[in-house]
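Take a look at the structure set out below.
Since every read-out is calculated from the coordinates, none of them should be taken as a lab result. Treat the numbers as computed from the prediction; the structure is a model and nothing was measured. Note that we place each Cβ from the backbone using ideal geometry, even for glycine, and neighbour counts take in every protein chain shown.
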Amino acid sequence: MFSYTTIKDYKEKLLNGQTTCVEAVSFYVALIKQNAHLNAFLEVYEDEALQRAAFLDSQRKAGVPMGKMHGVITGLKDVICYKGHKLSASSKILEGFISIYNATATQKLLDEGAIIIGRQNCDEFAMGSSNENSAFGNVLNARDNSRVPGGSSGGSAVSVQAALCMISLGSDTGGSVRQPADFCGIVGLKPTYGRISRYGLIAYASSFDQIGIFGNNIEDVALTLEVIAGPDEFDSTALTSPVPQYSAIINSNPSKKYRVAYFKETLEHPGLDPEIAQATRKFIQTLINEGHTVEQVDFELLEYVVPAYYVLTTAEASSNLSRYDGIKYGYAAKDKVVDLTDFYKKTRSQGFGKEVKRRILLGTFVLSAGYYDAYFTKAQQVRTMLVNRTNTIFSQYDAIISPTVPSPAFKLGEKSNDPIEMFLADIYTVFANLAGIPGISVPLFKTHYGMNFGIQVMSSKGNEEMMLQIAESFVQLS
Ligand code: GLN
């Protein structure tokens, strides 16, 4: 019977003949079918994955060296291009669209031998925190089917949670990898802005978007990061600094003592679930007992992060989503139209869902001549203040920690009629995207009714190495 712990262990089993890639694909495909009710996958590439697995098995048996991701069963959020395969951003507006190239991240995974198992459900255009905004239905949390998996990369998180694949790629503009990872009890990483190329990632808010990684453990996530990170001639915002061998260093300094900050306003926030507050405070005490320095820092800007995030991301989204006009590709209104404007209006009104329309309207409003300075410029100023404040904090500390989300996974429908309430779920995660720093959610705790929640670790820009080491040391402590 196939069993999985880490990529490293799986590759050892492949090498010594205890399993094969074909066995692994068959195992995961069977589980995907058994768990179809979770609605995590929009499409499963069963035949293709089996063929690729057979090819990899034959290569290995012929003595061809294994790539770093050899046979790793990988899922892709439906916003990441995979050449020759459908891509819809879980929206009707991309109906019939097929990727004509691979995202750089997809290409790098394939070059190292990964097997792409399918396309995963998400909130439409990655806008949401519960996966309730998908044009193709909710995704269910595998631990409690009456609860949301988080969003927007809900399908990718649940796929790892329910063992429907080994790792998945999602996207994180304001928390969409870390928040669902927290709700599903797995590891979710958003790298520094620019660490992973955005080429082939459908744009939501380009100055925030990053591809992120879901895994069962930090080692798998670190390995995947080292494979897909790096400079890219197709993305001028991709960082050019060399990519460390993250997977080799996560355990390299286990007894190191760190300087850690946490924000007073985070733990005193009225919306924070008392059980999460208590577990976090207790964990801080454990860190202190272990010899780490953990200090409270004032962060009076906390109340501005969600408004600044929603002003800036909707502004960028309103511009990015203007390309979906029904002319070149995707859904086109079939009704009788009087002129081109009428065609655009009908296509976009019918093709986009409610949340996406809300954000396009909001973004267009904050960019309009009369309100630009009051909203957009103001939010840019807040962002600059945050960046400056963040730099000051990281001149004194190695990491900032917080709960990942103020509440555990909530019930389906509980927040879907209250956008402000839903937006507040992002309060601890949007900060990293505004500041461009990396963040990782590590599953450490459970509520008394069995839902997971974790701790978020953030480090300074480009310092994923230390962030991963700290996160790993937290896992060892728990
Ligand atoms: N929940 C946030 C939003 O709706 C985050 C989305 C994301 O990271 N893609 O904007």
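Brief remarks follow.
- Neighbour net charge for residue 441 - beta-carbon separation under 12 angstrom, K R +1, D E -1: 0
- Anisotropy class of segment 252-356 from Cα gyration tensor, a/c 1.5 cut: prolate
- Sorted from greatest to least, the principal axis extents spanned by the alpha carbons of the chain come out as 67, 53, 45 Å.
- Cα centroid of segment 275-297 to Cα centroid of segment 120-143, whole Å: 33 Å
- Scattering curve values for segment 62-217, log₁₀ I(q)/I(0), Debye with Cα scatterers, q = 0.09, 0.10, 0.11, 0.15 Å⁻¹: -0.25, -0.30, -0.37, -0.69
- Given 328/378; 68/190; 357/378, the pairs whose alpha carbons are separated by over 25 Å: 328/378
- Evaluated over the Cα positions of segment 1-85, the convex hull gives a direction-averaged projected area, one quarter of its surface, of 6.2 nm².
- Net charge, residue 118 excluded, C-beta distance under 14 Å - Lys, Arg +1, Asp, Glu -1: 0
- Residues listed by number, segment 194-221, amide nitrogen under 18 Å from residue 136 label point at 7 Å toward C-beta: 201-203
- Sites residue 449 and residue 5 - FRET efficiency at Förster radius 22 Å, r taken between beta-carbons, to 0.05: 0.20
- Once you reduce segment 12-69 and segment 405-432 to the center of their Cα atoms, the two points are 35 Å from each other.
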